[in-house]
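Chemist: What follows is a single structure, and I will ask about it in a moment.
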Amino acid sequence: PLEWRVGCKNCTDPLVSYAMGTMDCDAQEFFVDANIFSLGSATSLSLENSLGLPPTVVSTTGVHAVGPFPAGQSVVVTAQNPDNLLCYAPSAPIINEPCAIADCGPTYYDYCYSDGEYRQWAFQSDNTQEIGIRFLQGAMGLGDDLNLYNSLDIFSVTPVNIGWGGLANQLFTSGAPSDDQALVMELIADNAMSCMDEDPLYGTSQAWQWVVACYDGCTQPQASFVSNCLTSTSFEV
């Protein structure tokens, strides 16, 4: 549903710039620094956020830390005049640099993403072995993308892109040319057909389940499969 307010803008917008603040990868969280140059016509500002955390109320100019926010989730921070919703200063979407979970696993993850979501996951080996991600189930909605980067520096490598379709049995491993033994998953979802939100035409996409573990270069098994009808309502593989 749409929601809006109509009123007289008898106030002055605050003047604010935003930047990435402190990152705490041990706690898997980060802060956003709001540098307030002017409160506008307000005596205080409510620093609100798109992730639903309680707002931070400030009454002075200068840099104010907002958060903490979960690592890997993008957030929009808005400096809001509490007396008039027509005067505000929003940030662009802000997300921390990839904050890796160092774990040799195997560790299982389940996730159901929503419309319009942007999120990152980073995994890194806790020893010198490569790290691997294998999807056990899941699907991408129409118009959504999953990018996988073979490095914590996602701007230094070309990602593997997966669009609409199934994810089951997709396997991704780290290795050359990167030497940090890390993988980054990046979700970019549009505003239709996701796991969390049903689309009136296409329904929902399947929830994800994946496992992360160190990869020792094992040899994949080899097999072929055929199906055989048993009855009119059953078959075997």
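Chemist: Using alpha carbon centroids, what distance separates the range 87-143 and the range 18-33, in Å?
Modeler: Answer, in whole Å: 16.
Chemist: Scanning the chain for chymotrypsin sites (Phe, Trp or Tyr not before Pro) in DSSP loops with at most 16 other Cβ atoms within 10 Å, what's the longest stretch left with none?
Modeler: For chymotrypsin sites (Phe, Trp or Tyr not before Pro) (loop position, at most 16 other Cβ atoms within 10 Å), the longest site-free span of the chain is 5-154.
Chemist: Next question. Please identify, among P90, P221, P55, the residue showing maximal mean-square fluctuation in a Gaussian network model of the chain using a 10 angstrom Cα cutoff.
Modeler: For the chain, modelled as a Gaussian network with Cα springs under 10 Å, the answer is P221.
Chemist: For the range 1-99, with equal point scatterers placed on the C-alpha atoms only and solvent neglected, what are the log10 I(q)/I(0) values from the Debye formula at q = 0.14 1/Å, to two decimals?
Modeler: The calculated log intensity ratios at q = 0.14 Å⁻¹ are -0.52.
Chemist: Go through the range 182-195 residue by residue and turn each phi into a ³J(HN,Hα) via Karplus (6.51, -1.76, 1.60, θ = phi - 60°); whole Hz please, and just put x for glycine and proline.
Modeler: Couplings: 9, 10, 10, 9, 10, 9, 10, 10, 8, 9, 8, 6, 10, 6 Hz.
Chemist: Are there cysteines in the chain with no other Cys C-beta under 4.7 Å, and if so, which?
Modeler: For the chain, the answer is C8, C218, C229, because their Cβ atoms have no other cysteine Cβ under 4.7 Å.
Chemist: Right, here's the next one. Percent of Cα-Cα pairs per 10 Å bin, from 0 to the last occupied bin, for the range 35-164, please list those.
Modeler: Once binned at 10 Å, the Cα pair distances of the range 35-164 give 10, 31, 27, 19, 11, 1.
Chemist: Could you calculate, for the range 79-237, the ratio of the Cα radius of gyration to the Kirkwood radius, expressed as Rg to Rh? Working shown, then result.
Modeler: Numbers: Rg = 19.8 Å, Rh = 18.1 Å.
Result for the range 79-237 is an Rg/Rh of 1.10.
Chemist: When ligands, DNA and RNA are left out and all protein chains stay put, how many square angstrom of accessible area per residue does the chain have with a 1.4 Å probe?
Modeler: With all protein chains present, the chain gives 56 Å² per residue.
Chemist: Scan around T22 for amide H atoms under 5 Å from its own, H built in the peptide plane at 1.01 Å from N, and keep only partners 5 or more places away or cross-chain.
Modeler: Those qualifying (amide H under 5 Å, at least 5 residues apart or on another chain) are F31.
Chemist: Continuing with the same structure: Rounded, prolate or oblate: which fits the range 169-237, taking a ≥ b ≥ c as square roots of the Cα gyration tensor eigenvalues, rounded meaning a/c under 1.5, else prolate when a/b beats b/c?
Modeler: Judged from the Cα gyration tensor, the range 169-237 comes out oblate (a/c at least 1.5, b/c at or above a/b).
Chemist: Let me ask something else about it. Over the chain, with a Gaussian network built from C-alpha contacts below 10 Å, which listed residue (V211, V160, V226) shows the highest mean-square fluctuation?
Modeler: Of V211, V160, V226, the most mobile in the Gaussian network model is V226.
Chemist: Under 10 Å, Cα contacts only: if you run a Gaussian network model on the chain, which one of V77, V63, V184 comes out with the highest mean-square fluctuation?
Modeler: Top of the fluctuation ranking is V63.
Chemist: State the Kirkwood hydrodynamic radius of the range 163-209 in Å, one decimal place, computed from all pairs of distinct Cα atoms.
Modeler: Working: mean 1/r = 0.0756 Å⁻¹.
Evaluated over the range 163-209, this radius sits at 13.2 Å.
The values are calculated or read from the model by the stated rules, or taken from the named source; none is laboratory data. All of these numbers come straight from a predicted model, not from anything done at the bench. Counting neighbours? That spans all protein chains shown, and the Cβs are built from the backbone with ideal geometry, glycine included. These area figures cover heavy atoms from the full protein model, side chains too; ligands, DNA and RNA do not enter into them. Shrake-Rupley method; radii C 1.70, N 1.55, O 1.52, S 1.80 Å.
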